[in-house]
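The values are calculated or read from the model by the stated rules, or taken from the named source; none is laboratory data. These numbers come from a predicted model, not from an experiment. All accessible areas refer to the heavy atoms of the entire protein, side chains included, with ligands and DNA or RNA removed. Shrake-Rupley method; radii C 1.70, N 1.55, O 1.52, S 1.80 Å.
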Amino acid sequence: MRLILNIIWFVLAGLWIAIAYAIAALICFVLIITIPFGIASLRIAMFALWPFGKTVVKRSDAGIASGIGNVIWFVLCGWWLAIGHLITGALLCLTIIGIPLGLANFKLIPVSLLPMGREIVSIEQARAQGLTPTVQVPTDPSAKAP
């Protein structure tokens, strides 16, 4: 089921979102001082390509620099990215077929708001490491929450 949802997501939304984040990353790389933001943008782009089966966890080694970076990111672009994901997710949830895609858009909100000090891993890897996923979209309606 996860593969089917990822393919549908990739075709209808994921590719376009990933391209937008990649363009933002290129702009950040050109400006040199914003390279850490470019790296974060690329991380989000990769997450946006195949969101089902992955989750966002806090990195244990994230320090004050991540916090400062998150404040700068939030002020400059995080809030409008989150609003964009919120609006698109709400619109996708208007149809029954679009509900899983809308939930995937909602899943991108936390990492688009505060990407520094976060890591994107598979749900299985997060559970194996004993980490609590920040956000996850259930891919199987009969699955129970941990």
Between 0 and 90 degrees, rounded to the nearest ten: what's the tilt of helix 35-49 against the longest Cα principal axis of the chain? 10 degrees
Enter the angle in degrees (range 0 to 90, nearest 10) between the Cα long axis of helix 15-30 and the first principal axis of the Cα atoms of the chain, meaning the one along which they spread out most. 10 degrees
With every protein chain kept in place and ligands, DNA and RNA left out, what is the accessible area per residue of the chain? Probe 1.4 Å, answer in Å². 58 Å²
How big is the Rg/Rh ratio for the chain, C-alpha atoms only, Rh by Kirkwood, two decimals? 0.97
Average Cα contact separation per residue, the stretch 1-137, under 8 Å, 6 or more apart, as relative contact order %: 30 percent
MRE, 222 nm, helices only [DSSP H, n ≥ 4, -39500 (n - 2.57), over the chain, to nearest 500]: -17000 deg cm²/dmol
